[in-house]
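Enquirer: Structure in structure tokens, see below.
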Amino acid sequence: IMPGLINAHGHVNNLQGLDQVEYTEAQVDSQLRLYARYGVTTVFSLGGDGPEAMAVRDRQNPPDLDQARIFVAGNIATGPTPDAAIEQVNAVADSGADIVKIRVDNNLNPDRVQKMTPETYAAVIDTAHERGLRVAAHLYYLEDAKGLLEAGADLLAHSVRDLEVDDTLITLLRDSGVCYCPTLMREVSTYVYESRPKWFDDEFFTKETGPAVIAALDSEEWRERSSGRTSQIYKAQLEVAKRNLQTLSDAGIPIAMGTDTGPAARFQGYFEHGELALMVEAGLTPMQAIVASTSDAARCMEVDGDLGSLEIGKWADFLVLGANPLDDIANTHSLETVYVAGNQVPGV
């Protein structure tokens, strides 16, 4: 028995399989039930969340809840100017979001994509804090991570992937208490369909993913897409991300499990188990990976008063496994039963 998994960086959106559908409360519920059937009992949906997701969030604390809980970031603040960013943050705050999300990245195309400037993200962070909201920052580069921490960002929502982390970043993280969310499976998703992934034949995957989706991904179109320049850079830099995760964990920096699941071919629920495996592959012990995915994730996202551990007075969100994941992290695939608020999740 272990606490339910907490995904500090996922997405709940308008996709079913690889197809876009109408974004409704029923669609949000459907994806939260999918997460729950894989043992992910809480999801922070970091961006693109509308009033439908907020309505689901607002009714998620009844005693008969049997799907994953959701917290939302609303629309991503993009700028491009400080004044525009301030207006966007105020709109996010007014919408009722739980956290603010920003992107500080050029998607490996500096000639085509303009990163958010330090002046703009400082305006986002200051305004969000004035409105009582924390800021989760999408990033890629080491120098941007340092700048965001110096400006007061509250969560690094991806790995540093361009360079090895250094003592300056470690000091900034330690002094600020900010958590680090690696999202290693996000990198995997960019290149893995260049050939047929082993998990296409894994019953733990196929129980929730139909043959039509698998056939579409096991195609020349997706192989070409996964073999491009940026995909191959992300593939190579995954190794940097893994080393950085181990370095930061060894330095005592709190880690919060996240996956960036939700976009097409980033499979909600299944990828969270893949993230646990990659964290162990990076050098964490199974227990460290589990703690990063439960109680530490809850503390990082400031929901540990109710979630993240099995204690009197907290919600009874927990998993029953058929084998011990401390012996082998792959044993999380032996999932037998999921409970949310003490209620058995249907269809596990």
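The values are calculated or read from the model by the stated rules, or taken from the named source; none is laboratory data. Every value quoted in this text rests on a predicted model; they were computed, and no experiment measured them. Here the Cβ positions follow ideal geometry from the backbone for every residue, glycine too, while neighbour counts run over all protein chains shown. Protein only, heavy atoms only, side chains kept; ligands, DNA and RNA dropped before computing areas. Shrake-Rupley method; radii C 1.70, N 1.55, O 1.52, S 1.80 Å.
Enquirer: So, of the residues in the stretch 43-57 that are more than 16 Å from the chain's Cα centre (by Cα) and small (Gly, Ala, Ser), which turns out to be surrounded by the most Cβ atoms within 10 Å (Cβ to Cβ)? Break it down into steps so the answer makes sense when it comes.
Expert: Pass one, the stretch 43-57, residues more than 16 Å from the chain's Cα centre (by Cα): 50-57.
Those still in the list that are small (Gly, Ala, Ser) too: 50, 53, 55.
Values: 50: 17, 53: 28, 55: 14.
Going through the qualifying residues, I end up with 53.
Enquirer: Any idea which of (1) under 15 Å from residue 74 (Cβ atoms); (2) buried (at least 19 other Cβ atoms within 10 Å of the Cβ); (3) acidic (Asp, Glu) is the one residue 154 doesn't satisfy?
Expert: Checking residue 154 against (1) under 15 Å from residue 74 (Cβ atoms); (2) buried (at least 19 other Cβ atoms within 10 Å of the Cβ); (3) acidic (Asp, Glu), the one that fails is (1).
Enquirer: Residue 103 versus (1) open to solvent by 50 Å² or more (accessible area, probe 1.4 Å); (2) in a loop (DSSP other than H, G, I, E, B); (3) without any contact (Cβ under 8 Å) to a residue 60 or more places away in the chain: which is the lone unmet condition?
Expert: (2)
Enquirer: If I ask for residues that are surrounded by 21 or more Cβ atoms within 10 Å (Cβ to Cβ) and either assigned to a helix (DSSP H, G or I) or among the charged types (D, E, K, R) (or both), which ones from the stretch 292-328 would you list?
Expert: Once the filter is applied, which keeps residues that are surrounded by 21 or more Cβ atoms within 10 Å (Cβ to Cβ) and either assigned to a helix (DSSP H, G or I) or among the charged types (D, E, K, R) (or both), the stretch 292-328 yields 292, 296, 297, 298, 300, 317.
Enquirer: Can you name every residue in the stretch 130-168 that is of a type in the set (A, V, I, L, M) and more than 25 Å from residue 113 (Cα to Cα)? Walk me through it before giving the result.
Expert: Step one: list which residues in the stretch 130-168 are of a type in the set (A, V, I, L, M), which gives 133, 135-137, 139, 142, 145, 148-149, 151, 153, 155-157, 160, 163, 165.
Of everything in the stretch 130-168, just one residue is of a type in the set (A, V, I, L, M) and more than 25 Å from residue 113 (Cα to Cα), namely 133.
Enquirer: Considering the stretch 88-100 alone, what residues qualify as being open to solvent by 20 Å² or more (accessible area, probe 1.4 Å), in contact with a strand residue (DSSP E or B) (Cβ under 9 Å, 6 or more places away or on another chain) and not small (Gly, Ala, Ser)?
Expert: Correct list: 88, 98.
Enquirer: Among the residues of the stretch 1-20, which ones are touching a strand residue (DSSP E or B) at 6+ places or on another chain (Cβ under 7 Å) and part of a loop (DSSP other than H, G, I, E, B)? Please lay out each step first, then the result.
Expert: First pass over the stretch 1-20, keeping only residues touching a strand residue (DSSP E or B) at 6+ places or on another chain (Cβ under 7 Å): 1-12, 14.
Answer for the stretch 1-20, where residues must be touching a strand residue (DSSP E or B) at 6+ places or on another chain (Cβ under 7 Å) and part of a loop (DSSP other than H, G, I, E, B): 1, 4, 11, 12, 14.
Enquirer: Could you tell me whether residue 274 is on the phi > 0 side of the Ramachandran plot and either open to solvent by less than 50 Å² (accessible area, probe 1.4 Å) or in a loop (DSSP other than H, G, I, E, B) (or both)?
Expert: On the way: on the phi > 0 side of the Ramachandran plot: no; either open to solvent by less than 50 Å² (accessible area, probe 1.4 Å) or in a loop (DSSP other than H, G, I, E, B) (or both): yes.
So residue 274 does not fit the description; no.
Enquirer: Could you count how many residues in the stretch 171-182 are more than 18 Å from the chain's Cα centre (by Cα) and either open to solvent by less than 20 Å² (accessible area, probe 1.4 Å) or not hydrophobic (A, V, I, L, M, F, W, C) (or both)?
Expert: So the first thing to find is which residues in the stretch 171-182 are more than 18 Å from the chain's Cα centre (by Cα), and the list is 171-177.
The next check asks that each one be either open to solvent by less than 20 Å² (accessible area, probe 1.4 Å) or not hydrophobic (A, V, I, L, M, F, W, C) (or both); those that pass are 171, 173-177.
Result for the stretch 171-182: 6.
Enquirer: While we're on this one: Name the single residue, out of those in the stretch 63-84 being of a type in the set (D, E, K, R) and in a loop (DSSP other than H, G, I, E, B), that is surrounded by the most Cβ atoms within 10 Å (Cβ to Cβ).
Expert: Ranking the candidates gives 66 first.
Enquirer: Among the numbered criteria (1) in contact with a Gly (Cβ under 9 Å, 6 or more places away or on another chain); (2) over 30 Å from residue 118 (Cα atoms); (3) in a loop (DSSP other than H, G, I, E, B), which one does residue 196 miss?
Expert: With (1) in contact with a Gly (Cβ under 9 Å, 6 or more places away or on another chain); (2) over 30 Å from residue 118 (Cα atoms); (3) in a loop (DSSP other than H, G, I, E, B) applied to residue 196, the lone miss is (1).
Enquirer: Consider the stretch 247-271. How many of its residues are buried (at least 17 other Cβ atoms within 10 Å of the Cβ) and more than 19 Å from residue 44 (Cβ to Cβ)? Outline the logic, then answer.
Expert: Within the stretch 247-271, the first condition is being buried (at least 17 other Cβ atoms within 10 Å of the Cβ), and the residues that meet it are 247-249, 253-262, 265-271.
Narrowing the set further to residues that are more than 19 Å from residue 44 (Cβ to Cβ) leaves 247-249, 265.
Here the count works out to 4.
Enquirer: May I pose another question? I'd like the full set of residues that are buried (at least 18 other Cβ atoms within 10 Å of the Cβ) and touching a Pro at 6+ places or on another chain (Cβ under 9 Å), limited to the stretch 206-227.
Expert: Scanning the stretch 206-227 gives a single hit, 217.
Enquirer: Given the options 239, 208, 187, name the one that is acidic (Asp, Glu) and over 25 Å from residue 163 (Cβ atoms).
Expert: Numbers: 239 fails: over 25 Å from residue 163 (Cβ atoms); 187 fails: over 25 Å from residue 163 (Cβ atoms).
Every option except 208 fails the conditions.
Enquirer: To continue, here is another question. In a helix (DSSP H, G or I), of a type outside the set (S, T, N, Q), free of Cβ contacts under 8 Å to residues at least 12 places away in the same chain and out of contact with any strand residue (DSSP E or B) (no Cβ under 7 Å at 6 or more places or on another chain): is that true of residue 236 in this structure? Full working, then the answer.
Expert: Values: in a helix (DSSP H, G or I): yes; of a type outside the set (S, T, N, Q): yes; free of Cβ contacts under 8 Å to residues at least 12 places away in the same chain: yes; out of contact with any strand residue (DSSP E or B) (no Cβ under 7 Å at 6 or more places or on another chain): yes.
So residue 236 passes the test.
Enquirer: Which pairs have Cβ atoms under 7 Å, sit 6 or more apart or on different chains, and link a residue in the stretch 277-297 that is in contact (Cβ under 8 Å) with a residue 12 or more places away in the chain to one that is among the hydroxyl-bearing types (Ser, Thr, Tyr) and surrounded by fewer than 24 Cβ atoms within 10 Å (Cβ to Cβ)?
Expert: 284/249; 288/249; 294/309; 295/309
Enquirer: Got a number for residues in the stretch 25-42 being open to solvent by 40 Å² or more (accessible area, probe 1.4 Å) and small (Gly, Ala, Ser)?
Expert: Result for the stretch 25-42: 2.
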